[in-house]
Amino acid sequence: MQHRYGPRLSFALIAATAAIGLVILWLAPAGAVVPVHFSGRWVPDRFATAWHGLLIWIGMLTALWLVFYGIQYCFRSDVGLQASLPVYDLAWITLTAGLCALAVGSMEYAVGIKIALASLNSVMSGVFFLAVGNCLGKIRPNRFLGIRTPWTKANVRVWERTHRTCGPIFILAGIGLIAAGFGMLGLPVGLKLINCFMLGMLLFCYGLSWFYWRQERTRG
């Protein structure tokens, strides 16, 4: 049985976030509030009591952990997914880490510390794309994880070529998001920026898989 680090490390991140949140609550003045909803540019537009905010964030993180934990068992008979579990764990951990960072950043509002959550979100999203892109070529054909288009699912070679080629694209997107988060691109950071990066990658990967499939048919 292969060594798994995803479930334990992601759970440890959630536990650490809960502990930091409790410390912040202990330091926060009476009646302190924290943001629990944001606009497209990550400007807080809805607030709750600090205790309520902590419960919302920890509840969301716990739900995410249960989803990831459950998926691996729903597809436990999928040989390809089981062979790709190290990449699955890496995506699990980096996504959890990003949300934990946002949770702590939101909770710090209770003690008067206002972090630029839009920039933080952009940087953590960039880290996620960097981590996934670095390992994308290691994902084996499976029924859940990876770039699943009609053409990658139809041909193993198309799957492998698409994932190897798209890995560097994910890395470049990650670098771009991190640079935008630090204000190096002069772009307004927010959901629109991240959605543009994701849409661009989606279209590229979708089209590339079709192109590789056409090449394979021509060779055949």
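In the set 56, 93, 115, only one residue is out of contact with any Phe, Trp or Tyr (no Cβ under 6 Å at 6 or more places or on another chain) and crowded, with 21+ Cβ neighbours inside 10 Å; that residue is 93.
You will find that of 25, 61, 9, 66, the residue that is within 24 Å of residue 191 (Cβ to Cβ) and either part of a helix (DSSP H, G or I) or more than 21 Å from the chain's Cα centre (by Cα) (or both) is 61 and no other.
Give the number of residues within the range 67-115 that are farther than 22 Å from residue 130 by Cβ and hydrophobic (A, V, I, L, M, F, W, C). Break it down stepwise before answering.
Filtering the range 67-115 for residues farther than 22 Å from residue 130 by Cβ gives 67, 69-83, 106-114.
From what is left, the residues that are hydrophobic (A, V, I, L, M, F, W, C) are 67, 71, 74-75, 79, 81, 83, 107, 110-111, 113.
Result for the range 67-115: 11.
Could you list, ordered by first residue, the pairs with Cβ atoms under 9 Å in which the first is in the range 25-36 and buried (at least 16 other Cβ atoms within 10 Å of the Cβ) and the second is among the charged types (D, E, K, R), at least 6 apart or interchain? Pairs found: 34/108; 35/45; 35/46; 36/46.
Matching residues to (1) surrounded by fewer than 21 Cβ atoms within 10 Å (Cβ to Cβ); (2) touching a Lys or Arg at 6+ places or on another chain (Cβ under 6 Å); (3) under 30 Å from residue 108 (Cα atoms); (4) not assigned by TED's automatic domain parsing to the domain that holds residue 44:
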| residue | (1), (2), (3), (4) |
| --- | --- |
| 121 | no, no, yes, yes |
| 124 | no, no, yes, yes |
| 131 | yes, no, yes, yes |
| 139 | no, no, no, yes |
| 142 | yes, no, no, yes |
| 161 | yes, no, no, yes |
| 172 | yes, no, no, yes |
| 181 | no, no, yes, yes |
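The values are calculated or read from the model by the stated rules, or taken from the named source; none is laboratory data. Quantities reported herein were computed from a predicted structural model and do not represent experimental measurements. With ideal geometry, Cβ positions are generated from the backbone for all residues, glycine too; neighbour counts draw on all protein chains shown.
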